[in-house]
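Written out below as structure tokens is the structure these notes cover.
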Amino acid sequence: MRVIYALGIRNLKVFVRNRTALIFNLLFPFFFIFVFGEIFRNDFIENPVSFMLAGIIIATVFESSLRVSSNTIDDMTSGFMKEVLVSPISRLSIAIGQFVSSAVVATAQGIIIFVIGFFIGLRITSPLTIIYAISAMVFVGIVFAGFGLFIATKAKNIQTFQAVSLAITMPLTFLSGAYIPFAMLPDVLKWVGYFNPMTYAVALFRAITLEKTHLPTSELINEELAFKIGGVMIGPMEALGILLAFGIVFLLLSTLAFIRVDFSRMNRIKDDSIEI
Amino acid sequence: MSVAKHIIEVRNFTKKYGNFTAVKNISFTVDEGSIFAFLGPNGAGKSTTINTLCTIFDKTDGELIIDGKDVSSQKASVRSAIGVVFQDSTLDKKMTIEENLKMHCVFYKVPRNEVEERIRFVLTLVDLLDVRRKTVAALSGGMKRRVEIARGLIHYPKVLFLDEPTTGLDPQTRARVWEYVIKLQREKNITIFLTTHYMDEAEICSKVAVIDHGKIIAHDTPFNLKKHHTKDRAYVTTSNPLLLEKLLDERNIKHTLKEKYHRIDVENKADLLHILSECKGDISDIEIRKGTLNDVFLEITGREIREGSAS
């Protein structure tokens, strides 16, 4: 526990200390509100600002969680991972420490946008919604931290990771309904979106923030808070299940990859000439 | 003296990187509580051996045991028995000095109530207490090295590996660090395993293994190494070189003329004294130098240990 906590605090400090990146990361979502805000002003959506903000908050959590996982690559190449790996702490707690710290940083960022959101038109009626929303952020943060760490352990250096994560992050966010409604997508992309776990994270988080989880699934379809794919209805509960399954698979895969990955080989790429 | 336990046992260890063999079939043991040094030039295989003993690299062949545990199959137990100061930087550059040391305490389960005190102590040792809130990335190379060493000395492992620990340190810090390392070894019975190319550091070790091109070419106490592989030499300046040379040649003593002085191999001190007394009126200077570990290396390999050294 002490290790997980210490690694979590460490990554949170790294996030807070990098002022430029911090400000940019916080401003960027609002830029999207201006760019895409008008798209959501249509007859189906009751509260376009809340709707838009919910999507942006959860997309930010997702992106941030992936980005923090890239710290792992940074640590590996900077040598710090050698200190971590030669110490007696278990590989499992190092991996868990990574997930938790990614989720913590991602959630922190989500909460900040959430708070700012209140000043520009986000409306909730029940205080419980805040608790549900934060829990959902932590949950989504951990799920995609597993995904991010998995990519991180597969990539050999920070450049590869950035290229790969950009190639994955962009389509996953844009085909999730967070910025562009599904209704505006061509059929082919719609289908791609149905296979995108982010779609369900966005739908679930919106349903929570708009306080509509209690409504029957069929009533949520118009607002894209639920989907009818073929004959199957996917409401908030089903979305939760999909995310849970996706998360467990990648948490397991990344933990395994992390335990087995040959860090000495990774270090050798850098130190070849001087380390013999 | 009681027979000490072998805390490290290495048998027929080989490490290859692709086609390149960095370490060739070496075997050695290290007594518990001793100071053991790997002495050799860069690229000799010192760091490869340390990295393998520390569970960071996988061996190609052979058997490596630390405190009765196999380095390849019982990595977790080996890791909890050792401490390492690597040659390359392994600091968390985004964090401050103090945060680096605190993290180390977490990794090595230093009791919470001792953390503050031990950090204060090691930082005083390397003279960094005043700058402990600085981020590592902002420090100079020498300061980073000192942080690295301080961090390695925080916890008390059974075996402490020091890979070129004092390279880049100023003389005072080097002396202080050494004083403390020897204290740790004596008081906590910590075995010290170091690599170095500083002769004076190797001199104070219990045993030295001289390593070159991945092979151990000599392995003994510094005293024995010098006794077997070096000779004392006398450097004599005289105004009558012919007489000195004649007397030396009569007794078959090897000598070489170097600029102004004669370098004489001392096999028998009484003989030399006799000769010198015969030409004492001509002699303006005498210096007798003991053999060093560098001479040992020179004698065995024909090269200076620092030759072609990059650092």
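Taken over region B:103-114, the residue count meeting the criterion of being crowded, with 20+ Cβ neighbours inside 10 Å and more than 7 Å from chain A (Cβ to nearest Cβ) is 2.
One residue stands out among those in region B:275-292 that are open to solvent by 80 Å² or more (accessible area, probe 1.4 Å) and not in a strand (DSSP E or B): the one that is farthest from B:Leu244 (Cα to Cα), which is B:Lys290.
Here is the figure for region B:52-91: residues that are free of Cβ contacts under 8 Å to residues at least 60 places away in the same chain, within 15 Å of B:Ala150 (Cα to Cα) and open to solvent by less than 10 Å² (accessible area, probe 1.4 Å) total 1.
Quick check, is A:Asn71 open to solvent by less than 10 Å² (accessible area, probe 1.4 Å), at pLDDT below 85, under 24 Å from A:Gly148 (Cβ atoms) and within 12 Å of chain B (Cβ to nearest Cβ)?
On the way: open to solvent by less than 10 Å² (accessible area, probe 1.4 Å): no; at pLDDT below 85: yes; under 24 Å from A:Gly148 (Cβ atoms): yes; within 12 Å of chain B (Cβ to nearest Cβ): yes.
Answer is no for this residue.
Only one of the numbered conditions (1) open to solvent by less than 10 Å² (accessible area, probe 1.4 Å); (2) assigned by TED's automatic domain parsing to the domain that holds B:Ile35 is violated by B:Ala175, and that is (1).
Suppose we filter A:Pro186, A:Pro171, A:Pro181 for residues that are over 14 Å from the mean Cα position of the chain (by Cα) and at pLDDT 85 or above; which single one remains?
Numbers: A:Pro171 fails: over 14 Å from the mean Cα position of the chain (by Cα); A:Pro181 fails: at pLDDT 85 or above.
Checking each option against the conditions leaves just A:Pro186.
Among the residues of region A:101-111, are any in a helix (DSSP H, G or I) and without any contact (Cβ under 8 Å) to a residue 12 or more places away in the chain? Can you show your working first?
Looking only at region A:101-111, we keep the residues that are in a helix (DSSP H, G or I), and these are A:101-111.
If we keep only those that are without any contact (Cβ under 8 Å) to a residue 12 or more places away in the chain as well, we get none.
Looking through region A:101-111, none of the residues is in a helix (DSSP H, G or I) and without any contact (Cβ under 8 Å) to a residue 12 or more places away in the chain.
Taken together, the residues in region B:115-135 that are within 9 Å of chain A (Cβ to nearest Cβ) and surrounded by 19 or more Cβ atoms within 10 Å (Cβ to Cβ) amount to 0.
With a requirement of 3 or more residues that are buried (at least 17 other Cβ atoms within 10 Å of the Cβ), the helices (runs of 4 or more DSSP H) lying completely within region A:150-229 that satisfy it span A:158-174, A:197-209.
Taking region B:178-200 as the search range and keeping residues that are at pLDDT below 85 and either in a helix (DSSP H, G or I) or farther than 22 Å from B:Val147 by Cβ (or both), which one is most open to solvent (accessible area, probe 1.4 Å)?
Taking region B:178-200 first, the residues at pLDDT below 85 are B:196-200.
Still in the running and either in a helix (DSSP H, G or I) or farther than 22 Å from B:Val147 by Cβ (or both): B:197, B:199-200.
On the way: B:His197: 7, B:Met199: 35, B:Asp200: 86 Å².
Filtering region B:178-200 for residues that are at pLDDT below 85 and either in a helix (DSSP H, G or I) or farther than 22 Å from B:Val147 by Cβ (or both), the one most open to solvent (accessible area, probe 1.4 Å) comes out as B:Asp200.
Scanning region B:227-240 turns up one or more residues that are in a helix (DSSP H, G or I), touching a strand residue (DSSP E or B) at 6+ places or on another chain (Cβ under 8 Å) and at pLDDT 85 or above. All conditions but one from (1) closer than 29 Å to B:Thr29 by Cα; (2) small (Gly, Ala, Ser); (3) more than 14 Å from every other protein chain (Cβ to nearest Cβ) apply to B:Gly142; the one that does not is (1). When region B:213-229 is filtered for residues that are within 14 Å of the chain's Cα centre (by Cα) and charged (D, E, K, R), only B:Asp220 remains.
Tell me whether region A:81-88 contains one or more residues that are in contact with a Cys (Cβ under 6 Å, 6 or more places away or on another chain) and either open to solvent by less than 10 Å² (accessible area, probe 1.4 Å) or within 14 Å of chain B (Cβ to nearest Cβ) (or both).
yes
I'd like the residue in region A:10-27 that is in contact (Cβ under 8 Å) with a residue 24 or more places away in the chain and more than 8 Å from chain B (Cβ to nearest Cβ) and, out of all such residues, is least open to solvent (accessible area, probe 1.4 Å). Give the steps one after another, and end with the answer.
The initial filter retains those residues of region A:10-27 that are in contact (Cβ under 8 Å) with a residue 24 or more places away in the chain, namely A:10-12, A:14-15, A:25-26.
Retained after the next criterion (residues that are more than 8 Å from chain B (Cβ to nearest Cβ)): A:11-12, A:15, A:25-26.
Details: A:Asn11: 6, A:Leu12: 51, A:Phe15: 28, A:Asn25: 28, A:Leu26: 34 Å².
Step by step, filter region A:10-27, then rank; the result is A:Asn11.
Every condition in (1) within 14 Å of chain B (Cβ to nearest Cβ); (2) under 19 Å from A:Val14 (Cβ atoms); (3) surrounded by 21 or more Cβ atoms within 10 Å (Cβ to Cβ) is met by A:Ser78 except one, and the failing one is (3). All conditions but one from (1) open to solvent by 90 Å² or more (accessible area, probe 1.4 Å); (2) outside the structural domain of B:Asp88 (by TED's automatic domain parsing) apply to B:Asp271; the one that does not is (1). Residue count for region B:250-273, restricted to those that are more than 21 Å from B:Lys290 (Cβ to Cβ) and either within 39 Å of the chain's Cα centre (by Cα) or not charged (D, E, K, R) (or both): 5.
For every residue, the table says whether it meets (1) surrounded by 14 or more Cβ atoms within 10 Å (Cβ to Cβ); (2) among the aromatic types (Phe, Trp, Tyr); (3) assigned by TED's automatic domain parsing to the domain that holds B:Phe38; (4) within 30 Å of B:Ala218 (Cβ to Cβ).
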{"residue": "B:Thr238", "(1), (2), (3), (4)": "yes, no, no, no"}
{"residue": "B:Leu247", "(1), (2), (3), (4)": "yes, no, no, no"}
{"residue": "B:Asn252", "(1), (2), (3), (4)": "no, no, no, yes"}
{"residue": "B:Glu259", "(1), (2), (3), (4)": "no, no, no, no"}
{"residue": "B:Arg263", "(1), (2), (3), (4)": "yes, no, no, yes"}
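Which condition breaks for B:Asp31 when tested against (1) within 14 Å of chain A (Cβ to nearest Cβ); (2) out of contact with any strand residue (DSSP E or B) (no Cβ under 6 Å at 6 or more places or on another chain); (3) within 25 Å of B:Glu201 (Cβ to Cβ)? Of the numbered conditions (1) within 14 Å of chain A (Cβ to nearest Cβ); (2) out of contact with any strand residue (DSSP E or B) (no Cβ under 6 Å at 6 or more places or on another chain); (3) within 25 Å of B:Glu201 (Cβ to Cβ), the odd one out for B:Asp31 is (1).
Looking only at residues in region A:6-49 that are closer than 19 Å to A:Thr107 by Cβ and touching a Gly at 6+ places or on another chain (Cβ under 8 Å), the one that is modelled with the highest pLDDT is A:Ala6.
Within region B:76-102, being modelled with pLDDT under 90 and more than 7 Å from every other protein chain (Cβ to nearest Cβ) holds for one residue alone: B:Gln87.
Between B:Phe38, B:Phe13, which is more than 10 Å from chain A (Cβ to nearest Cβ), in contact (Cβ under 8 Å) with a residue 24 or more places away in the chain and in contact with a Gly (Cβ under 8 Å, 6 or more places away or on another chain)?
Values: B:Phe38 fails: in contact with a Gly (Cβ under 8 Å, 6 or more places away or on another chain).
Checking each option against the conditions leaves just B:Phe13.
The values are calculated or read from the model by the stated rules, or taken from the named source; none is laboratory data. None of the values given here were measured: they were computed from a predicted structure. In this analysis, Cβ positions are derived from the backbone assuming ideal geometry, glycine residues included, and neighbour counts consider all displayed protein chains. When the accessible area is computed, the model is the full protein with side chains, heavy atoms only, and any ligands, DNA or RNA have been set aside. Shrake-Rupley method; radii C 1.70, N 1.55, O 1.52, S 1.80 Å.
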